[in-house]
């Protein structure tokens, strides 16, 4: 399914991640960090860095450290987000704070963010300042996105625009950053690195909307997380925001009752909300929105000044992200 | 009391800190971060960066960003440490997680560490890689120190050597780093930046031992923290480690009873342990150890190749740290 260089790049990334933080002391600090890094996942972000560099003829090895920095940072944010959201599972395995402790998740997360900066600091000095600036700006945006996400849980008046801006910060900017870093180190012109960044933003938005769908309509085993997790913690996903807007009087009243209930049957809540989404035809609505961002992403990619044949891997990867089941 | 340029440097640091993260959104993320930065404290670390640069004739303004990076990083570590230790007070004010929430402390701490990297990234590019490397190595050591500190709380066989290594990591390396960064940016020779680093390590060890003493013998109002906090959470300070070693049979038995008790009167525990320290003459022992590290620090400073007159401010500051009451 994954053609071209993707399998090769995946192998390079997987091999390199296995050596990170190995043998560092004390083990109480670094075993949880290594555990998180070892859980795998799609390795989407480092792959994108390698693919972006490849677009401009740069070898994977020359951007590998930067690619790892992005992946390590991503794992840092997952460890802390899982703790803040009190999530039980990540990629089908217990989260760090469940397997060890809250303090373990805080401190091993801190170690991961510092390790990410150690890797990004290996960037060739000629582009180091611009890469550092992009990396830190993105890192801060991810924190801002997480804060908006948590703030939204207390609110019932979140707009669709606010939601899209939140997932842009929380998810999309790191996808854009991963691509742009690879292109900058490869020496791409500014116009192209900007187009690739925008390609990443659109892919990232589509990716997160797909994630929201999978949280409701996915298969627990395949998805690796509990289905309905977003529903139980009243996450203001696009689905819920649109429901609050489009529900009729009776539906809205019952929805509010579930959202404000403190003592309830979790499965019954998930069943009710999912049923409401179905009645409002929201799976179809969100699939259309995903398609919109996907097409916008292809537009951005088409304006990158390299032959179309070079872009095939990126398009294959994007398609797979849109039509994935996990 | 503080002569020379110290008051000028303090003013520069205080003024600059006031602008950090102002107007950043969302406020729910950045108000706790600004609160922590505004609590003040001694501003010891950024002051040391300015003073180290001044030793070699570099203006304060030219190392100010790096100095702020060190102070912002220090505040990040305090926010997360206070959460992990569940401390109530910091500098006489409620800690971030007590004033807001655990999640607030996690995420605003994360924002602070990223902000610290934004400031260190402003370093002139000619020395940026070496400064970044020192900064990240130090940052990771601080995490390692905090982990050892937490691990030690579960152990009764911590040695004095292990304790000194722990406070070297948790406290002393950032003092050394603050000095070395200032000296490197000022263009000092490697031998001198190394001597200054070692000066900082010795000052840092003395500083932490003094902190341990103040936790037992300080005045609550002046110190800004609850007296006896270390005792209540069984922190393996030098005082406790030496007690476990030097106590006679009866004393040791009673000490173990207090250390393993789950239901007890906090004031009575503090009273017992403090009384034991007095019986074992440990205040005097630790004061001598502080003196030893202080003298070692002066040795390191004397080998820095600049005229003695230039070192006066650093010596004044160090003396004040040794004989402080807060």
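Only the coordinates and a few stated rules stand behind these numbers; no lab work does. If you're wondering where the values come from, they're calculated on a predicted model, not measured in any experiment. Glycine gets a Cβ as well: all are built from the backbone with ideal geometry, and neighbour counts include every protein chain shown.
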Ranked by GNM mean-square fluctuation in chain A (Cα springs under 10 Å), the top entry among A:162, A:254, A:287 is A:254
Work out the FRET efficiency for residue A:262 and residue B:303 from their Cβ-Cβ distance, taking R0 = 51 Å, and round it to the nearest 0.05.
0.15
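How high is the FRET efficiency from residue B:316 to residue A:133, r the C-beta distance, R0 35 Å, rounded to 0.05?
Working: r = 38 Å, r/R0 = 1.09.
Efficiency for this residue pair is about 0.35.
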Run the numbers on the range B:165-282 and let me know its relative contact order in percent, using alpha-carbon pairs under 8 Å that are six or more apart.
20
With no solvent and one equal point scatterer per Cα, compute the Debye intensity ratio I(q)/I(0) for the range B:1-101 at 0.14, 0.19, 0.20, 0.22 Å⁻¹ and report its log10, rounded to two decimals.
-0.58, -0.94, -1.00, -1.12
The range A:6-318: translational diffusion in µm²/s, Stokes-Einstein, Kirkwood Rh over Cα pairs, 25 °C, 0.890 mPa s:
120
The answer for the per residue Cα convex hull volume of the protein assembly as shown, in Å³, is 160
If one takes the longest principal axis of the Cα atoms in chain A, at what angle in degrees, from 0 to 90 and to the nearest 10, does the Cα axis of helix A:128-153 lie?
10
How much FRET efficiency would the formula 1/(1 + (r/R0)^6) give for residue A:292 and residue B:126, where r is the Cβ-Cβ distance and R0 is 51 Å, rounded to 0.05?
0.60
Would you list A:291, A:10, B:115 from fewest to most Cβ contacts within 10 Å?
A:291, A:10, B:115
How large is the Kirkwood hydrodynamic radius of the range B:207-326, in angstrom, based on all distinct alpha carbon pairs?
16.0
Relative to the present Cα-Cα distance, how much length would full extension add between residue A:91 and residue A:27 at 0.36 nm per residue of separation?
20.8 nm
Helix A:60-85: inclination vs chain A longest Cα principal axis, degrees, rounded to 10, gives 20
By the C-alpha gyration tensor axes a ≥ b ≥ c (rounded if a/c is under 1.5, else prolate when a/b exceeds b/c, else oblate), the shape of the range A:14-172 is oblate
Listed residues B:313, B:86, B:215; largest mean-square fluctuation, Gaussian network over chain B with Cα springs below 10 Å, found at B:86
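For the range B:56-125, go through all pairs of different Cα atoms, get the mean of 1/r, take its inverse, and jot down that Kirkwood value in Å.
This gives a value of 13.0 Å.
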Exercise: per-residue mean of other protein chain Cβ atoms within 10 Å, B:55-67:
0
√(5λ) per eigenvalue of the Cα gyration tensor, the range B:78-224, largest first, Å:
28, 21, 15
With each pseudo-label sitting 7 Å past Cα toward Cβ, what's the residue B:245-residue A:159 distance in nm, one decimal?
6.6
If you fit an axis through the alpha-carbon atoms of helix A:102-120 and take the longest principal axis of the Cα set of chain A, what angle between them do you get, 0 to 90°, nearest 10?
30
So, for the Cα atoms of the range A:274-322, Rg and Dmax in Å stand at 14.9, 47
Just want to confirm a number: the relative contact order over the range B:118-186, from Cα pairs under 8 angstrom separated by 6+ residues, in percent.
44
